[in-house]
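Everything below concerns the one structure shown next.
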Amino acid sequence: MSVKSLCVFSAVLVLCCVGCEANQKASRGVTVPFVFDPRAVCEPRCQHMGLCIRNNTCFCSKGYMGEFCQYATCYPKCKNGGECLRPGKCRCLPGFGGRYCHKVTCEGGCLNGGECISVNGVVKCLCPSGWMGSRCHEAICPQRCQNGGVCVAPGICSCTDGWLGGACHTAYCKQLCLHGGKCIAPNVCRCREPFFGPQCKNKRKP
Ligand SMILES: *[C@@H]1O[C@H](CO)[C@@H](O)[C@H](O)[C@H]1NC(C)=O
């Protein structure tokens, strides 16, 4: 009894059918130990260049798996909930990056020396002392900047015109307030009785 073999060639593998009719296809190439039924029907069809080797049995191309070769496989596996889009290509969840979604990434990065970390699956910036905010972009002024002053660096207030001091809490009067008067707002003196006027220069008559 002579046994003929039929081989089919796909992009990635050679399958041979032992005992098939030789006139179906040229019998050549490497013989591999697969039983291949040329009349096999796979429903649904094998995807991603997979071969239908027996009824409803697909032989998948490298990088694919599943009953119909419908799933791509990634090695190493996609980490942190990432999805394997095609062999070796992961789609990462927000907050993760890198080829295998193994790196934590913070949107826009962390500023001022902040470090991007993942805590229980939540990705965030870990800020150094003196800084806060989602990207460590807000300076902390424990003294609280007053009168419209803005905290520009840890403990440093930038004051609006007419205000001075670490917390912008001291008004500045260009002209001194005289006779015990007090500068209570930019260029505004509060005078002691019986003085009055912009600089408390004038004395009320009794
Ligand atoms: C494969 O399926 C076809 C059609 O459904 C059927 O005719 C054939 O006998 C099946 N072959 C085998 C080996 O079961």
Check: Applying 1/(1 + (r/R0)^6) with R0 = 35 Å to the Cβ-Cβ distance of M65 and E115, what FRET efficiency is obtained, to the nearest 0.05?
Finding: 0.40
Checklist line | Point-to-point label distance, V122-Q146, nm (Cα→Cβ direction, 7 Å offset) | finding: 3.5
Check: What residues qualify as long-range amide H neighbours of G181, i.e. H under 5 Å apart, gap of 5 or more or another chain, H built at 1.01 Å from N?
Finding: R192
Next item on the list: In whole Hz, with x marking every Gly and Pro, tabulate ³J(HN,Hα) for region 98-104 from phi via Karplus 6.51 cos²θ - 1.76 cosθ + 1.60, θ = phi - 60°.
Entry: x, 4, 10, 6, 8, 9, 8
Checklist line | Inter-probe distance in nm under a simple model that places probes 7 Å from Cα toward Cβ, at K103 and K203 | finding: 7.8
Notebook entry, point to check: Expressed in nm to one decimal, what extension gain is obtained for the pair T170 and N56 from 0.36 nm per residue of sequence separation less their Cα-Cα distance?
Noted result: 32.6 nm
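No value in this document is a laboratory result; all are computed from the given coordinates. Keep in mind it's a predicted model, so treat the numbers as computed, not measured. Quick reminder, even Gly has a Cβ in these numbers, built from the backbone with ideal geometry, and neighbours come from all protein chains shown.
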